[in-house]
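What follows is a short report on a single structure.
The values are calculated or read from the model by the stated rules, or taken from the named source; none is laboratory data. This is a predicted model, so every value here is computed, not measured. Quick reminder, even Gly has a Cβ in these numbers, built from the backbone with ideal geometry, and neighbours come from all protein chains shown.
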Amino acid sequence: MAFLAIRFSVKFEFSEVPEAELECFSQADVCFVLDSSGSLCAQNEIGSACSNWVMLLSFVSDIIDAFHVGSQETRIGVVTFSTDAQLDIAMNEFYDREELKDVVSQIKNSGGQTNTGKALHITRTQCFSEQNERSGVPNIAIVITDGLPTILEFDTNAEAVLLKEVATVLAVGVTQNVESQLLQDISSFPQKENQNYFSTPDFASLGNILKALVVETCQAPLKTLAPISGTHCPSSSQFPLNLSFPLCFVVVIVQFILISELQCFKQADVCLVVDTSGSICGPIQVGTCDNWSLLLSFVSQIIEAFNIGEKQTRVGLVTFSDDASLMFPMNRFYELQEIKDVVSSLRHMGGETNTGKALHISRTACFSSSNGEREGVPNIAVVLTDGLPTIMDFNFNTEAALLKQTATVLAVGIGESIESELLREMSSPPQRENENYFTSPDFSSLSSIIGALVSETCEATMVTQPPLVSGGIPYNCIHVTLFEP
């Protein structure tokens, strides 16, 4: 069912030396996201004199001290939030570490409520904007907060999902007022305490998590590096963290394991069938909304799992609401980024739900030889919907049966309005949940099923093309990833 991946587990062991200094040589774009709400300080302490605020800024400076700051090295930005959120320091403003620390020390605590959702939104759209970040350099966000969101102008969970699409997110909760669930939701996979999120009982104790936070921040860029081998202490060009320990050795363990992060190298003709009815955004928000953005982001994640090309995997897309349309055929785009750009520009249409016609258009137009379908190449349809059909000009059951004669159909239902029976009826045999059809309680949770969906989509390509290596492992769906314990 799943594919074998080779994972390199790189374990660094060090002799103990007290008061070791941390120094990170990673090239990264780092954005600090700092809670500046009134709960940090007593009413008479709002501003720069608040002791908790001073300790928070000192903690930020200690993290900055661990990095080599420069235009070609690590760049730092800062967002603060309370009732509102704002970009205080852009990553292309300061390339001198001492100058940067001096500016950070002068940021004032503004007081007010806690608008965490908007802070994550500003971090994604401004701190990590094209004019501020660098292409090809890892993005890392460090969110530090002392309480739960109190202003819900922006959906915190939705914004967290979108931010994690562009950056590795580490979360720090200070005081008992922060719930672990909030920190888990904000932080990146695998969402483990002392790895992706941290907690401390008060501001005076922040120093206790400094080392672990710096190590995790420094290791985040490893996701873009090649695996390290050997038994010697790596140089800064091989491994970016210098712990100033006299003894260091690397143990590289190659493990054969099942993982959810897969890349599929099979040849396939894939048609994505996307619901764009009014229930996704509500009756007022036509054009775009948070749910629509999350859905398009999910679609892009599916596309990214395939090797896109004229002789590799081709992708077409159908949208449906009152009507159904082939937005682009499989022979229109052969570049991954080009398809993702088109997907991201799709507008939410609103209206009712004509699922039957969507399945009809998928069969007759998307999987048409004149539109790029290839003989001998597996056809796969992935249908994403948030509700039951409301327009019956095409018989749903009939169209589902006909499409399954042409393609392997995987169905995804989002929200509480969807019924499992509808998803089973649409999907190909054996019509099992998490195998041929999937459910997500809301659009923010779609990322939780991406691994299983990609795995099953790639496996569907093996129906007519099952080449194996010894032991039954499909050779063309092997993905190599570097794992940091």
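Please tell me if LEU152 is at pLDDT 90 or above and farther than 28 Å from PHE67 by Cβ. No. Of the helices (runs of 4 or more DSSP H) lying entirely inside segment 381-485, the ones with 1 or more residues being at pLDDT 90 or above and in contact with a Ser or Thr (Cβ under 6 Å, 6 or more places away or on another chain) are found at 396-406.
Across segment 142-193, which residue is surrounded by the fewest Cβ atoms within 10 Å (Cβ to Cβ) among those that are hydrophobic (A, V, I, L, M, F, W, C) and touching an Asp or Glu at 6+ places or on another chain (Cβ under 7 Å)? Let's see the steps before the verdict.
Step one: of segment 142-193, the residues hydrophobic (A, V, I, L, M, F, W, C) are 142-144, 148, 151-152, 154, 158, 160-163, 166-167, 169-172, 174, 178, 182-183, 186, 189.
With touching an Asp or Glu at 6+ places or on another chain (Cβ under 7 Å) added as a condition, the list becomes 144, 148, 158, 160, 170, 174, 178.
Working: ILE144: 23, LEU148: 15, ALA158: 20, ALA160: 23, LEU170: 23, VAL174: 27, VAL178: 21.
Among residues in segment 142-193 that are hydrophobic (A, V, I, L, M, F, W, C) and touching an Asp or Glu at 6+ places or on another chain (Cβ under 7 Å), the one surrounded by the fewest Cβ atoms within 10 Å (Cβ to Cβ) is LEU148.
Within segment 344-386, count every residue that is under 26 Å from SER417 (Cβ atoms) and not acidic (Asp, Glu).
Taking segment 344-386 first, the residues under 26 Å from SER417 (Cβ atoms) are 344, 346-363, 366, 380-386.
Now restrict to residues that are not acidic (Asp, Glu): 344, 346-351, 353-363, 366, 380-385.
The number of residues fulfilling the criteria is 25.
Starting from segment 72-101, take each residue that is assigned by TED's automatic domain parsing to the domain that holds GLU133 and surrounded by 24 or more Cβ atoms within 10 Å (Cβ to Cβ) and list its partners that are of a type in the set (Lys, Arg) and assigned to a loop (DSSP other than H, G, I, E, B), counting only C-beta distances under 8 angstrom and pairs at least six apart or across chains. Listed pairs, sorted by first residue: ARG75/ARG134.
Can we say ILE122 is buried (at least 18 other Cβ atoms within 10 Å of the Cβ), under 18 Å from THR83 (Cα atoms) and in contact (Cβ under 8 Å) with a residue 24 or more places away in the chain?
Values: buried (at least 18 other Cβ atoms within 10 Å of the Cβ): yes; under 18 Å from THR83 (Cα atoms): yes; in contact (Cβ under 8 Å) with a residue 24 or more places away in the chain: yes.
In short, yes.
Restricted to segment 111-201, the set of helices (runs of 4 or more DSSP H) holding at least 1 residues that are under 23 Å from VAL299 (Cα atoms), among the β-branched types (Val, Ile, Thr) and in contact with a Ser or Thr (Cβ under 7 Å, 6 or more places away or on another chain) comprises 156-166. Hey, any hits in segment 124-133 for a residue that's of a type in the set (S, T, N, Q), under 22 Å from SER61 (Cα atoms) and in contact with a Leu (Cβ under 9 Å, 6 or more places away or on another chain)? Scanning segment 124-133, I find at least one residue that is of a type in the set (S, T, N, Q), under 22 Å from SER61 (Cα atoms) and in contact with a Leu (Cβ under 9 Å, 6 or more places away or on another chain), so the answer is yes.
In segment 342-357, of all residues being assigned to a helix (DSSP H, G or I) and within 29 Å of the chain's Cα centre (by Cα), the one that is farthest from LEU296 (Cα to Cα) corresponds to THR355.
Table: residues versus (1) basic (Lys, Arg); (2) farther than 23 Å from LEU403 by Cβ; (3) without any contact (Cβ under 8 Å) to a residue 40 or more places away in the chain.
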residue: CYS289; (1), (2), (3): no, yes, no
residue: LEU295; (1), (2), (3): no, no, no
residue: LEU326; (1), (2), (3): no, no, no
residue: ASN331; (1), (2), (3): no, no, no
residue: LEU336; (1), (2), (3): no, yes, yes
residue: PRO378; (1), (2), (3): no, no, no
